[in-house]
Every structure is written in C-alpha cells, then in structure tokens.
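Reviewing the structure listed below.
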Amino acid sequence: MHLGVFDMNKRLEQTRKVLREKQHLKKLIEEDIRELEDDVKKLEEFTSASANKVRA
C-alpha cells in the first residue's frame with residue numbers, strides 16, 4: 001500500500017516538474033511570437049514607405 005502511494009507522489013512530483021518546464025517554454029514561445037509580430041509590422045511599414053518613395 002505504501003509503495004503505491006510513494007509511486008503516486010513521485011509521479012505527481014514529476015508531472016508538476018514537466019508542467020513548470022512546459023509553462024516556461026510557453027512563455028518563451030509567446031515572447032518570440034510577439035517579437036516576430038513586431039518585426040513583421042516594422043517590415044510592412046518599411047516596405048510600404050519604400051513603395052511610396054518609388055511612386056513619388
């Protein structure tokens with residue numbers, strides 16, 4: 001009986017560790033996405049401004 005409880009506690013501890021790691025990775029990915037969105041916006045503004053200069 002005690003062995004089963006120990007295994008469950010160990011499994012719970014491992015699951016919590018994996019959860020923390022995945023939450024950290026999620027945060028890093030979300031930051032990367034925001035940076036990429038900003039880069040795309042800046043590039044769109046740059047290409048739009050460049051196209052306007054060519055037309056003028």
> Can you give the Kirkwood hydrodynamic radius for the chain, in Å, rounded to one decimal and based on Cα pairs?
Replying inline: 15.2
> Cα axis of helix 2-55 to longest principal axis of the chain: angle in degrees, 0 to 90, nearest 10?
Replying inline: 0
> Which lysines have a Cα lying under 26 Å from the Cα of K53, excluding residues fewer than 8 positions away in the same chain?
Replying inline: K41, K42
> Relative to the present Cα-Cα distance, how much length would full extension add between L43 and R55 at 0.36 nm per residue of separation?
Replying inline: 2.5 nm
> Given the Cα-Cα distance of E35 and N9 and 0.36 nm per residue of separation, how much length would full extension add, in nm?
Replying inline: 5.4 nm
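Any read-out appearing in this document is the output of simple, stated calculations on the displayed coordinates, not a laboratory observation. In this text the structure is predicted, and so the values were computed from the model without any measurement.
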